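**Student:** Mind having a look at this structure? Questions to follow.
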Amino acid sequence: MNKIEKAGISDVPQMHELINHFADKGEMLARPLSEIYENIRDYFVVRQGERVVACAALHIMWVDLAEIKSVAVAEENQRQGIGDQLIEACLREAKELGIPTVFCFTYQPTFFKRHKFVDIDKMELPRKVWSDCFRCPKFPNCDEVALICHLEVRA
Ligand SMILES: CC(C)(COP(=O)(O)OP(=O)(O)OC[C@H]1O[C@@H](n2cnc3c(N)ncnc32)[C@H](O)[C@@H]1OP(=O)(O)O)[C@@H](O)C(=O)NCCC(=O)NCCS
């Protein structure tokens, strides 16, 4: 079982490399170093020794809404359950914070659907969630799928 931990500032260069490796292949949105530093408290990582082999972020958007973003597992560490563990860690944190809905934009809907994410029309999400989209090279011709997960949280 891999240990999921909150990211530290010294993890950022490796997280940046990991995320942008997949972004270069068109599999996810690129993130500049500055954005990862600014949002470091959003991120979980999996480390093997000194190496960061995976990361994922839970970004709070509003009182009832958060986004899972930048889920990346190094190719040689895929299919070992790390992605699943990262999604569960993000959903657990959302629940602990009392946030009942978590969405994502992804090219991997089948993977997210394992965690009770369901399809949602992008237009049903508040415009605020589009803040990243304006910086995406594909905007406005987005071909990612929007998914949402409803959590049971305390009243
Ligand atoms: C998608 C990704 C995060 C999955 O990570 P992973 O660690 O390989 O996933 P896991 O090992 O936890 O897989 C869990 C299950 O999902 C399945 N799965 C993994 N990737 C999948 C995919 N792309 N589509 C469908 N199912 C997938 C696995 O087969 C496994 O199922 P099983 O237990 O029945 O065999 C990883 O492939 C990745 O980093 N891809 C590149 C970046 C990316 O696309 N990120 C996601 C969008 S932001």
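The values are calculated or read from the model by the stated rules, or taken from the named source; none is laboratory data. Source: prediction; values computed, not measured. Using ideal geometry, Cβ is built from the backbone for each residue, glycine included, and neighbour counts are taken over all protein chains shown. The area values use the complete protein model at the heavy-atom level, side chains included, leaving out ligands, DNA and RNA. Shrake-Rupley method; radii C 1.70, N 1.55, O 1.52, S 1.80 Å.
**Student:** When residues of the range 89-131 are filtered for being among the charged types (D, E, K, R) and surrounded by 13 or more Cβ atoms within 10 Å (Cβ to Cβ), how many remain?
**Tutor:** The number of residues fulfilling the criteria is 6.
**Student:** For the range 25-54, name all the residues that are part of a strand (DSSP E or B) and within 11 Å of residue 90 (Cβ to Cβ).
**Tutor:** Scanning the range 25-54 gives 43, 44.
**Student:** So which pairs qualify, if the first residue must be in the range 90-105 and of a type in the set (Val, Ile, Thr), the second must be open to solvent by 40 Å² or more (accessible area, probe 1.4 Å) and part of a strand (DSSP E or B), the Cβ gap must be under 6 Å, and the two must be at least 6 apart or on different chains?
**Tutor:** Here the result reads 101/150, each pair linking the range 90-105 to a residue that is open to solvent by 40 Å² or more (accessible area, probe 1.4 Å) and part of a strand (DSSP E or B).
**Student:** Can you find a residue that is among the β-branched types (Val, Ile, Thr), exposed (fewer than 14 other Cβ atoms within 10 Å of the Cβ) and near the ligand (Cβ under 8 Å from one of its atoms) anywhere in the range 66-73?
**Tutor:** Looking for residues that are among the β-branched types (Val, Ile, Thr), exposed (fewer than 14 other Cβ atoms within 10 Å of the Cβ) and near the ligand (Cβ under 8 Å from one of its atoms), one finds none in the range 66-73, hence no.
**Student:** For residues in the range 18-62 being open to solvent by 30 Å² or more (accessible area, probe 1.4 Å) and among the polar types (S, T, N, Q), which is farthest from the ligand (Cβ to nearest atom)?
**Tutor:** 34
**Student:** List pairs: first residue in the range 129-152 and more than 14 Å from residue 106 (Cα to Cα), second residue open to solvent by 80 Å² or more (accessible area, probe 1.4 Å) and not in a strand (DSSP E or B) anywhere in the structure, Cβ distance under 8 angstrom, at least six positions apart or on different chains.
**Tutor:** Once the first residue is more than 14 Å from residue 106 (Cα to Cα) and sits in the range 129-152, its partners that are open to solvent by 80 Å² or more (accessible area, probe 1.4 Å) and not in a strand (DSSP E or B) give 150/116; 151/95; 152/95.
**Student:** Could you run through the range 132-155 and say how many residues are surrounded by 11 or more Cβ atoms within 10 Å (Cβ to Cβ) and small (Gly, Ala, Ser)?
**Tutor:** 1
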